[in-house]
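Here the structure is laid out as structure tokens; the discussion comes afterwards.
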């Protein structure tokens, strides 16, 4: 049986060929895919431009929660490099309390922020539990889906702070520049303004990508099969005219020894600076810990992560303070998975 399964997997991988003339499959409106052509590969030179790069990432962990409320620690970090040397870091923490409330005869998830030891100022907001961006299928969104939205908004807020204070020449977000969450476009527009005003290039790098070609092949795999040797970037992918995605899209292999091809986006008004930006970014991708991936993002991810020990310590503090308030019946609505994880057979 296992050999049959392995054969099926290999058969599916063999279907990815060197396909010129195919196009990326982009199902969104206001996108026009460009046909894949080998002439659209461009060499990366990895020249240091002397420009500083701020890498931004975030992490979060639920401290206590139930089906009706969730207390989360959100940590956001930026690491700034220049000529491959770290020249600065910023780290902020946010305690975010999300509760289910009735609003206009519907359930909404309202978020309130509390100041931690080094807080980032955030405005309160709420999402409908039937917000399509949070729902899974046709089911009402769960309150546990909110922290990812909070973290994303906080990352954009930190990027805006860096742009306003001119702390770096290039800002690189983890992810992309597409506004998919309700109100996310407002945060993006507030970031684009100081980037344009202060001549700061805004980019985003996705660790994973699931874009396909119109033949059903994985786009990154097709480009990898067609690509020349050495580091490269590929452009154009598509013409984007979406108001919620003001980006120029690239794919790139950022080191000759890398096994990974990443989706890279740059604010579309800064398209002319794309090649210089990609070359500068590739210069930060030489560390063997993850060759071909910016070390600044590796470091930002490490600093922003909320460890299990931190989470459990905060959980103990809050449960002790709530011990006399009989909240167990609320917590029991969400902890069945934890109980099963502890069961040994």
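Within region 171-196, being assigned to a helix (DSSP H, G or I), in contact with a helix residue (DSSP H, G or I) (Cβ under 9 Å, 6 or more places away or on another chain) and either without any contact (Cβ under 8 Å) to a residue 24 or more places away in the chain or on the phi > 0 side of the Ramachandran plot (or both) holds for one residue alone: 193.
Out of all the residues in region 81-91, is one or more out of contact with any strand residue (DSSP E or B) (no Cβ under 7 Å at 6 or more places or on another chain), assigned to a strand (DSSP E or B) and farther than 14 Å from residue 169 by Cα? Yes, region 81-91 has at least one match.
Would you say residue 128 is farther than 21 Å from residue 313 by Cβ and either over 20 Å from the mean Cα position of the chain (by Cα) or surrounded by fewer than 21 Cβ atoms within 10 Å (Cβ to Cβ) (or both)?
Against the criterion (farther than 21 Å from residue 313 by Cβ and either over 20 Å from the mean Cα position of the chain (by Cα) or surrounded by fewer than 21 Cβ atoms within 10 Å (Cβ to Cβ) (or both)), residue 128 qualifies.
Of all residues in region 153-170, those that are at positive phi and modelled with pLDDT of 95 or more have Cβ atoms under 9 Å from Cβ atoms of residues that are surrounded by 19 or more Cβ atoms within 10 Å (Cβ to Cβ) and outside any helix (DSSP H, G or I), 6 or more apart or on another chain, in 166/200. Scan region 22-40 for residues that are surrounded by fewer than 14 Cβ atoms within 10 Å (Cβ to Cβ) and in a strand (DSSP E or B) and the total you get is 1.
For region 111-125, a residue qualifies if it is in a strand (DSSP E or B) and crowded, with 16+ Cβ neighbours inside 10 Å, and the qualifying residues are 111, 113, 125.
Which one is farthest from residue 113 (Cα to Cα) among residues in region 141-173 that are touching a strand residue (DSSP E or B) at 6+ places or on another chain (Cβ under 7 Å) and surrounded by fewer than 20 Cβ atoms within 10 Å (Cβ to Cβ)? Ranking the qualifying residues of region 141-173, first place goes to 167.
The values are calculated or read from the model by the stated rules, or taken from the named source; none is laboratory data. Predicted model, so just to flag it, every value in this text is computed and none were measured. So basically every Cβ, Gly included, is an ideal-geometry build from the backbone, and we count neighbours across all protein chains shown.
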